[in-house]
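Chemist: Let me give you the structure first, and then I'll get to my questions.
The values are calculated or read from the model by the stated rules, or taken from the named source; none is laboratory data. If you're wondering where the values come from, they're calculated on a predicted model, not measured in any experiment. Cβ coordinates were reconstructed from backbone atoms using ideal geometry, including for glycine residues, and neighbour counts include every protein chain displayed. Just so you know, the surface numbers come from the protein's heavy atoms only, side chains and all, with ligands and any DNA or RNA stripped out. Shrake-Rupley method; radii C 1.70, N 1.55, O 1.52, S 1.80 Å.
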Amino acid sequence: MSTTWLAGRVVENRHWTDTLFSLRVEAPKPSFQAGQFVRIALDVGGERVARAFSFVNPPADPVLEFYGVIVPAGPLSPRLAKLKAGEPLYIASNPAGFLVLSEVPDARTLWLLSTGTGLAPFLSILRTETPWQRFREVVLVHAVRHARELVYRDMIAGLQKQRGLRYVTFVSREAAAGSLAGRIPAALRDGRLEAAAGASLSAEASQVLLCGNPGMLKDASAALAERGMRKHRRRAPGNVTTESFW
């Protein structure tokens with residue numbers, strides 16, 4: 001089955017660091033749920049080269065937004081990072097992915113655990129009404145290597161003030177005021193994550209969404225399993241929903 005491509009144009013290309021960037025794009029908007037991803041493409045040497053990116057914007061936003069990292073030897077990301085306002089790109093018409101709240105059972109607390117650009121789908125989810133209507137507590141966790149990679153801080157601060165979002169950050173390669181050291185899985189095991197969030201994490205009262213690098217997904221899932229929390233499936237409801245972002 002061939003892909004239908006929607007022609008779009010860059011509105012803004014924001015560079016957070018020398019490797020992290022966000023594209024805001026005007027294009028015919030494909031139908032999607034907050035938390036899903038879509039393929040973005042450019043024509044390179046006569047071939048359409050595409051990679052998957054999660055939506056940062058909520059479905060109601062008329063401007064699409066994507067958050068990416070430059071893979072130096074990659075065929076697409078270095079080119080996307082160089083796009084200027086007004087330049088063209090293509091968006092696939094068929095978003096996909098199951099990191100969506102319509103697939104997640106009800107609970108007291110929703111935990112959104114991310115590394116790197118895995119933050120993107122959670123920003124989309126958090127700017128809809130659904131998490132605030134369904135969960136009493138919502139915790140966003142973002143782990144990075146360096147403090148300068150803690151992006152979208154103004155947006156997150158607004159959600160903290162307006163919605164009561166609980167926000168916990170990890171910085172693994174340097175000391176950073178206000179952030180925990182180390183990695184998410186270790187902090188799940190030793191209780192530091194719950195203490196920093198001011199919320200309890202249990203199979204009885206929590207749903208956990210994980211998005212990030214494969215190592216975090218594997219190790220965090222194992223740490224959660226030690227607490228009796230298992231992967232959520234439609235036919236076998238559980239507590240943990242994952243999306244690899246690599």
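Chemist: Would you list, by chain and number, the lysines whose Cα falls below 20 Å from the Cα of Lys218, excluding same-chain residues fewer than 8 positions away?
Modeler: Candidates past the 8-residue exclusion: Lys231.
Chemist: Separate question: So with the 1.4 Å probe, I'd like the accessible area per residue for the stretch 48-117, rounded to whole Å².
Modeler: On the way: 2780 Å² over 70 residues.
Value returned for the stretch 48-117: 40 Å² of accessible area per residue.
Chemist: Then there's this: Give the long-range amide H neighbours of Val56: residues separated by 5 or more places, or on another chain, with amide H under 5 Å away, using H modelled in the peptide plane at 1.01 Å from N.
Modeler: Under 5 Å from the amide H of Val56 lie the amide H atoms of Glu65, Phe66, Tyr67, each far enough along the sequence or on another chain.
Chemist: So if R0 is 41 Å, what FRET efficiency would Ser244 and Ser2 give, r being the distance between their Cβ atoms, rounded to the nearest 0.05?
Modeler: On the way: r = 26 Å, r/R0 = 0.63.
Working from the Cβ atoms, E equals 0.95.
Chemist: Using only Cα atoms and rounding to the nearest 10 degrees, what angle (0 to 90) does helix 214-225 make with the longest principal axis of the chain?
Modeler: For helix 214-225, the angle is close to 30 degrees.
Chemist: Also, I was wondering about something else. If you take every residue apart from Gly35 with its C-beta less than 15 Å away from the C-beta of Gly35, what net charge results, scoring Lys and Arg +1 and Asp and Glu -1?
Modeler: For residues surrounding Gly35, the net value is -3.
Chemist: OK, next. If the reach is capped at under 18 angstrom between alpha carbons, list the aspartates and glutamates near Lys29, excluding any in the same chain fewer than eight residues apart.
Modeler: In chain and number order, the partners are Glu12, Asp61, Glu65, Glu87.
Chemist: Related question: What angle do you read, to the nearest 10 degrees and between 0 and 90, between the alpha-carbon axis of helix 153-163 and the longest principal axis of the chain?
Modeler: With both axes taken from Cα atoms, the answer is about 50 degrees.
Chemist: Of the peptides 48-56, 129-137, 157-165, how do they stack up when ordered by the mean number of other Cβ atoms within 10 Å, highest first?
Modeler: 48-56, 129-137, 157-165
Chemist: Report, ordered by chain and residue number, the aspartates and glutamates lying within cross-link reach of Lys161, taken as a straight Cα distance under 15 Å and ignoring same-chain residues fewer than 8 apart.
Modeler: Glu137
Chemist: Could you check the simple spin-label distance between Ser93 and Trp132, using points 7 Å along Cα→Cβ, in nm with one decimal?
Modeler: So the two model labels end up 3.4 nm from each other.
Chemist: Another question, then. With all protein chains present, how much of the accessible area of the chain (probe radius 1.4 Å) comes from carbon and sulfur, to the nearest whole percent?
Modeler: Here carbon and sulfur together make up 50 percent of the probe-accessible area.
Chemist: If you don't mind, another one. Tell me, how many Å apart are the Cα centres for the stretch 148-209 and for the stretch 36-103?
Modeler: Centre-to-centre (Cα) distance: 27 Å.
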